[in-house]
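Take a look at the structure below.
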Amino acid sequence: MVVHEISTQAEMNDYLSSNPLVLVHFTSKYSDESVRCEPVLSAWSKKVQYKEIKFVKCDCSKKTDRFEKYLIKTIPTFLFFTNGQKTAVVLDVQLNLLQQTIDEQLNCKLLVWLFSLDELI
């Protein structure tokens, strides 16, 4: 997997509606912290245990109002979406917290899947 760059709200809507679990990194080329965490996100996107997550980045430095519906006030901001609904937020570069939140989001997805399977039995 790779980190996909999204540049329009329409692309974001399409991506969120077609992928069950999405991590969106709101970044800026002017933010050293954002730039420093990009190699980490790229490495995580290639890990087998994170194959269920789609990693996306949105460069807010190109056009500030493009993603204004997400109320991004801090760069970097990381938003998690499950089935198109925002489920978690991590502000700034807190890689331990970000990794913990990724694991929690994956565990929630697994629990929902197991619960659904349990209903079928």
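The values are calculated or read from the model by the stated rules, or taken from the named source; none is laboratory data. Remember, it's a predicted structure, so these values are computed and weren't measured experimentally. Note that we place each Cβ from the backbone using ideal geometry, even for glycine, and neighbour counts take in every protein chain shown.
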request  = Spot the failing condition for residue 68; the list is (1) over 21 Å from residue 106 (Cβ atoms); (2) in contact (Cβ under 8 Å) with a residue 12 or more places away in the chain; (3) not basic (Lys, Arg), and only one is missed.
outcome  = (2)
query = Are any of the residues in the stretch 9-24 out of contact with any helix residue (DSSP H, G or I) (no Cβ under 8 Å at 6 or more places or on another chain), assigned to a loop (DSSP other than H, G, I, E, B) and either exposed (fewer than 12 other Cβ atoms within 10 Å of the Cβ) or aromatic (Phe, Trp, Tyr) (or both)?
reply = no
request  = Please verify whether the stretch 80-100 includes one or more residues that are among the acidic types (Asp, Glu) and either in a helix (DSSP H, G or I) or modelled with pLDDT of 90 or more (or both).
outcome  = no
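Please go through the stretch 48-63 and pick out each residue that is free of Cβ contacts under 8 Å to residues at least 40 places away in the same chain and assigned to a helix (DSSP H, G or I). Don't jump to the end; show me each part of the working.
First, pick out the residues of the stretch 48-63 that are free of Cβ contacts under 8 Å to residues at least 40 places away in the same chain: 48, 60-61, 63.
Of everything in the stretch 48-63, just one residue is free of Cβ contacts under 8 Å to residues at least 40 places away in the same chain and assigned to a helix (DSSP H, G or I), namely 48.
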message = Anything in the stretch 25-41 that is in contact with an Asp or Glu (Cβ under 7 Å, 6 or more places away or on another chain) and either buried (at least 18 other Cβ atoms within 10 Å of the Cβ) or assigned to a strand (DSSP E or B) (or both)? List them, or say none.
response = 27, 28
